[in-house]
Every structure is written in structure tokens, then in C-alpha cells.
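Just below is one structure, and these are the notes that go with it.
Read-outs throughout are calculated quantities, based only on the coordinates presented, and are distinct from any laboratory measurement. The structure displayed is predicted, hence computed values, not measured ones. A quick note on method: Cβ atoms are made from the backbone with ideal geometry, for glycine too, and the neighbour counts reach across all protein chains shown.
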Amino acid sequence: MLFSDIDAIVEPIIKSYDHYFLVHDEDALCGMLELANEPFIKLPMETSAENMAIWLYSQIKRGGLPITKIELQETESSTIIYEGND
């Protein structure tokens with residue numbers, strides 16, 4: 001698979017979350033952010049690095065990329081690797 005094909009699938013997914021405040025849709029903070037007219041994205045789970053790795057994996061997989069694992073680096077020393085079991 002060409003890198004350009006991979007980018008065509010992955011880049012729009014990553015960009016849709018990049019530089020946004022990600023909040024669990026049940027968090028009371030959502031109401032305050034809406035009142036303040038602040039940009040944020042509601043997600044159906046707690047936004048831990050582990051959950052985000054699973055979420056992004058499933059989004060990318062649904063986009064048509066035949067991935068088997070995803071690595072998400074939160075900081076220099078904090079990395080999560082999720083290996084799909086599908």
C-alpha cells in the first residue's frame with residue numbers, strides 16, 4: 001500500500017480531533033463549554049490515552065485501512081499500543 005493511500009485514510013481522521021478539547025459526552029463540563037461557546041468534541045467514552053487508541057484504531061479500520069495495531073504517544077515517556085482483536 002502506498003503511503004499516500006494510507007495518508008488519504010488516516011489524515012482526515014486525525015485532523016478531525018487534532019487541537020480540539022476532547023470531552024466525554026456525559027461530563028458536566030460539556031454544558032459549560034457550550035455556554036461559553038468554546039470549541040470541543042464530545043466522545044462516547046472517557047478520553048484516556050488507552051480509550052483514544054481504541055477509538056482511533058476503530059475509526060481507521062472502518063476507513064478501510066487494514067491495520068492490526070496502533071501506537072499513540074501522549075508524552076515522550078507515555079505510549080500506548082493497542083492491538084486489535086478482530
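Identify all residues within the range 16-39 that are farther than 18 Å from residue 49 by Cβ and loosely packed, with under 10 Cβ neighbours inside 10 Å; write none if there are none.
Of everything in the range 16-39, those that are farther than 18 Å from residue 49 by Cβ and loosely packed, with under 10 Cβ neighbours inside 10 Å turn out to be 28, 31, 35, 36, 37, 39.
Determine which member of the set 71, 46 is in a strand (DSSP E or B) and either on the phi < 0 side of the Ramachandran plot or surrounded by 14 or more Cβ atoms within 10 Å (Cβ to Cβ) (or both).
Details: 46 fails: in a strand (DSSP E or B).
Selected residue: 71, the only one of 71, 46 that is in a strand (DSSP E or B) and either on the phi < 0 side of the Ramachandran plot or surrounded by 14 or more Cβ atoms within 10 Å (Cβ to Cβ) (or both).
Are any residues in the range 50-70 hydrophobic (A, V, I, L, M, F, W, C) and under 15 Å from residue 7 (Cα atoms), and if so, which ones?
Passing the criteria: 56, 60, 65, 67, 70.
Every residue in the range 51-62 that is more than 10 Å from the chain's Cα centre (by Cα) and either among the aromatic types (Phe, Trp, Tyr) or surrounded by 14 or more Cβ atoms within 10 Å (Cβ to Cβ) (or both), please. Reasoning before the result, please.
Looking only at the range 51-62, we keep the residues that are more than 10 Å from the chain's Cα centre (by Cα), and these are 61-62.
The answer is 61, and nothing else.
Can you name the condition, by its number, that residue 3 falls short on among (1) surrounded by 13 or more Cβ atoms within 10 Å (Cβ to Cβ); (2) under 16 Å from residue 60 (Cβ atoms)?
That leaves (1) as the condition not met.
Could you please let me know if residue 9 is surrounded by 14 or more Cβ atoms within 10 Å (Cβ to Cβ), in a helix (DSSP H, G or I) and touching a residue at least 40 places away in the same chain (Cβ under 8 Å)?
Criteria met by residue 9.
For residue 41, are the conditions met, namely being in a strand (DSSP E or B), in contact (Cβ under 8 Å) with a residue 24 or more places away in the chain and either closer than 21 Å to residue 5 by Cα or in contact with a strand residue (DSSP E or B) (Cβ under 9 Å, 6 or more places away or on another chain) (or both)?
When the stated conditions are applied, residue 41 passes them.
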